[in-house]
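The following block contains the structure, expressed as structure tokens.
The values are calculated or read from the model by the stated rules, or taken from the named source; none is laboratory data. For clarity, every value in this text was computed on a predicted model and none was experimentally measured. Cβ placement follows ideal geometry from the backbone for every residue including glycine, while neighbour counts extend to all protein chains displayed. To get the accessible areas, we keep the full protein, side chains included, count just its heavy atoms, and leave off ligands, DNA and RNA. Shrake-Rupley method; radii C 1.70, N 1.55, O 1.52, S 1.80 Å.
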Amino acid sequence: MLGVAVTVADRTDRDRLRDGLRLVNEAGRRIGSSLDVFRTAQELADTAVRGLAAITAVDVLDLVLQGETPRPAPLPDPFAMRRAGFAHSLSDDIQGIVPIGQVRLMRFGSPQGQSLVDLRPRLVRRLRLDDEWLLRDPLVTRVYREADVHSLIAVPLTARGAVMGLVSFYRTGDSPSFDDEDLTVATELAERAALCLDNSRLYQREHSLAGLVRRRMIPPRLPGHSAVETGHSYLPARAGGTWFDVLSLSGARVGLVTGEVQDGGLAAVTVMGGLRATVSALAALDLEPGELLHRLHDQAANFFAERPTAPDTGPEAPRTRCLIVIYDPVTTRCTLAAADHPPPMLLLPGSSPQPVDAVVGPPLGQGEPDYPTTELDLPGGAVLALHNSAWPPHAPGTLQAALARDPDGPLQDACDAASTALFPRSPDQDILLLLARTRRLAADRTAAWELENTPESAAAARRMAARQLRDWNLDELTFTTEMVVSELITNAIRYADGPIGLRLIRETSLICEVTDNSSTTAHMRRAPADHEGGRGLFLVAQLATSWGTRFTTEGKTTWAEQPLSADALSRDGITAE
């Protein structure tokens, strides 16, 4: 036997290193499972007490909860921090210095305060209850004594140059004190959590901005209209893209629009704002609902193409719905078209509510645009209920009961009652209900004639218009109306080859309409000074507040509106604003 060889290896440091790496890897899986600040902070606290500390407390700045960018260091003294997470692994139930959700003030001089000033972690290997900074805070001293805290690490939560908050790790009882290796693990945990908190802050900021922008885009109140009485309930649950509008159209008609972009954040609100503006612009062109949706489909596709793209997947187009309803109080005819949107509910007096039997087209911007138009005649007093896709199946019965309580009462009261009954608690989706009770324009408010396509018809039209204005006590508009009617009739005689229709409508304004079988679009021109013609529509534009052309299956209608005087409006019971 020549000798004995003995090898001794200390595996303590190696085991601790492996445990630290395991804890950091576990933190990567556990922390940041959601974009909620409190949940992320609690995940950090729960992870830390599984292998690093006996007690962990996480505090964040209020600005982080609001989605704002915290100010650069140093922070003002004292530091107002809100407790967002707390966990411990002790057998006894202990409480933190402040409950979760409450504010804690941290002053300079403590390890936590110093860490927030210079953004460097602090390691206190052996905590003494007679330390100067503890003597200045009896509450903290008492809590530390009851928990038998003897060592702590304070690490600032910083990400992308901004301070999110602070995490404090504590060891108690007979456990070993923190050392430099523990500080490395604690710093790694804090860095991972800080990035998750900053993502939560950015998410909250985007949705807060989206909510503010959306509120500016949604009309605070619906405009009054002689064709319908309206009421609406809008319960926003998130920063999404739900919108609605009531549009005044030519010929005393009204347009009802609802839509939703099933997405969240500024992207959805941006698409919503663009589509809402596009609908208003296209509606002013007097397009039919089906054609309007067809053009809106192309615009939505352009919006989606401009969105950020994911690698190898192309742009992600959110599901976008829209419903357009146009009601004419003169003919009581309603036309509508839907793009992946539930059709409106129709409530007739004495009948059960039924959805309108309409063919629904594809979502906007997706698939081939095909939006058939549905037409129906509505009696005065019929109620159309436009709603988004979040309404429950039993909503029609609840709405009918709300309307039956006071059949002649304000429509807004019934709308509020139905929404309260259906959604007693805050909904998790945007809720929209737009009610419209139809009105029929009285027969004595319209006058219509059919004229032959001859040059003499212009003079005949002037005489008939002047006579009707005398019957309506609108003599002050006789001269301008005669000129408008004469120019519109003359334009129809020049380009059409069939009978010509003339209609006057007395609503909140005086509307002159001339209908012919020509599909030629009327354009205003500025004729040179030495030309005798070419000034007809230019004169119409000068005499009328607005004018335009809308096309029908039989031809077109050129219209012009003139304002009524305050006396004329008061005779109709309307107060001029």
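Could you tell me the distance between the Cα centroids of region 432-505 and region 226-295, to the nearest Å?
The two parts, judged by their Cα centres, are 31 Å apart.
Which net charge results for the neighbourhood of V484, defined as the other residues with beta-carbon distances under 11 angstrom from its beta-carbon, given Lys and Arg at +1 and Asp and Glu at -1?
Charge balance in the 11 Å sphere: -3.
For V98, what charge total do you get from the other residues with a beta carbon under 12 Å from its beta carbon, if Lys and Arg give +1 and Asp and Glu give -1?
In short, +2.
Quick check: residue separation of F551 and A301 times 0.36 nm, minus the Cα distance between them. What number comes out in nm?
Working it through step by step, the gained length comes to 87.4 nm.
Could the peptides 401-408, 279-286 be put in order, highest first, of the mean number of other beta-carbon atoms found within 10 Å of their residues?
279-286, 401-408
Ignoring ligands and nucleic acids, what accessible area does R128 show with a 1.4 Å probe (Å², nearest 10)?
Per-residue accessible area (R128): approximately 140 Å².
Let me ask another. Give, as a single signed number, the net charge of other residues whose beta carbon lies under 13 Å from the beta carbon of T258, with Lys and Arg counted +1 and Asp and Glu -1.
Neighbourhood net charge equals -2.
Once you have a ≥ b ≥ c as the square roots of the Cα gyration tensor eigenvalues for region 325-461, tell me rounded if a/c is under 1.5, and otherwise prolate or oblate according to whether a/b is larger than b/c.
It comes out oblate by the Cα gyration axes.
Would you check the accessible area of E452, probe 1.4 Å, heavy atoms only, in square angstrom rounded to 10?
Per-residue accessible area (E452): approximately 130 Å².
Project the alpha carbons of the chain onto their principal axes and report the range along each, largest first, in whole Å.
135, 56, 47
Span-like helices, the chain: DSSP H, alpha-carbon axial extent 18 Å or more, mean Kyte-Doolittle -1.0 or greater, which ones?
The answer, listed by residue number, is 180-217, 265-283, 289-305, 456-471, 478-495.
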